[in-house]
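Since the structure comes first, as structure tokens, the remarks are kept for the end.
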């Protein structure tokens, strides 16, 4: 008999505060022990792996998605250490358009 | 007469899909023109600015928050270009604990 698939739960879209809390629960103790700049080193390592995935893997592939997840998770670790609320920070700067020219779409000349 | 403060709206916490949509509305046309690796260059520039802010600014300051916002916005630009859903990617890898040891808190020996 074929195994029944688990019904896919319709999850509410992940919020940034929920992400920061989840990453804190999993990593904050160790992140604190390592410190901000040590943690920054790990983040940059993931940024490097993202570069490789962007060059070598298929757009939107599981491999690329995993590297985006790692970058975002380490960025959340850093934000937790710094005491920065990512949702608030990005809303303040980017809600409703470009932080510099204030338009949507952005019309800055410098971002080519 | 003192100016009345705008009543602070209680916003629902920002979701990752909403962030990706907002960044797409503001930047996707230009991001596409620039391409993935060109956009990656801008992202890395922001990563460098985050390093400076983490070293030089007060933890949790507006200056640090602004650099976190920039990193996250460029990461969202890259995810939009690659066709990666950040919420899905990070949930798949980090919901409920460490991607490697599967525990919460993480007990990997290698992440020191």
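The values are calculated or read from the model by the stated rules, or taken from the named source; none is laboratory data. Everything numeric in this text was worked out from a predicted model, so none of it was measured. Cβ sites come from the backbone with ideal geometry, for glycine too, and all protein chains shown count toward neighbours.
Numbers for the structure displayed
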{"item": "Restricting the range B:13-38 to residues that are closer than 25 Å to residue A:20 by Cα and more than 8 Å from chain A (Cβ to nearest Cβ), the residue that is surrounded by the most Cβ atoms within 10 Å (Cβ to Cβ)", "result": "B:20"}
{"item": "Residue within the range B:62-82 that is surrounded by fewer than 19 Cβ atoms within 10 Å (Cβ to Cβ), at pLDDT 95 or above and not in a helix (DSSP H, G or I) present", "result": "no"}
{"item": "Enumeration of residues in the range B:66-87 that are under 20 Å from residue A:70 (Cα atoms), free of Cβ contacts under 8 Å to residues at least 24 places away in the same chain and facing chain A (nearest Cβ under 7 Å)", "result": "B:68, B:69, B:83, B:84"}
{"item": "Whichever residue in the range B:40-61 is more than 9 Å from chain A (Cβ to nearest Cβ) and assigned to a helix (DSSP H, G or I) and, among such residues, is surrounded by the fewest Cβ atoms within 10 Å (Cβ to Cβ)", "result": "B:56"}
{"item": "Residue in the range A:97-107 that is in a helix (DSSP H, G or I), more than 7 Å from chain B (Cβ to nearest Cβ) and buried (at least 17 other Cβ atoms within 10 Å of the Cβ) present", "result": "no"}
